[in-house]
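The values are calculated or read from the model by the stated rules, or taken from the named source; none is laboratory data. Since the structure is predicted, the reported quantities are computational estimates derived from the model, not experimental observations. In this analysis, Cβ positions are derived from the backbone assuming ideal geometry, glycine residues included, and neighbour counts consider all displayed protein chains. Remember, those area values only see protein heavy atoms, side chains included, never the ligands or the DNA or RNA. Shrake-Rupley method; radii C 1.70, N 1.55, O 1.52, S 1.80 Å.
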Amino acid sequence: FPSDKITVIYHGVDTDWFRPQVSHIWHERFGLPVDASVLLNVSRLEPAKGQATLIRALARIVREEPNAYVVFLGGSARYETEYQHELQS
């Protein structure tokens, strides 16, 4: 491809289009501290989506960001209840 047709977007976010905004919607909805860092996982609960990996990684994340929380948001899969119990144990 010609170099004038290629645009590199570092970190996968085009900041000309998307700018982080301060919103406390998740803090209010789930009773989290206003200064909490919220990781939002938007997907149905199922092993292929990697929620277990995120939960394991949270221990390392909290060492660097002690006020970090994860909110899981998504639809249901046919075996969601079983997987939810597995994640909670």
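A few remarks follow.
- For segment 6-37 and segment 38-78, distance of Cα centres in Å: 16
- Against the compact-protein benchmark of 2.2 N^0.38 Å, the Cα-based radius of gyration of the chain scales to 1.41.
- Heavy-atom accessible area per residue - the chain, 1.4 Å, Å²: 85
- Neighbour net charge for Lys49 - beta-carbon separation under 15 angstrom, K R +1, D E -1: -1
- Value of relative contact order over the chain, rounded to a whole percent, pairs C-alpha under 8 Å and six or more apart: 31
- Using alpha-carbon coordinates, inclination of helix 51-64 to the longest axis of the chain, degrees: 80
- Helix-only mean residue ellipticity at 222 nm for the chain, each DSSP H run of n ≥ 4 adding -39500 (n - 2.57), per residue, nearest 500: -9500 deg cm²/dmol
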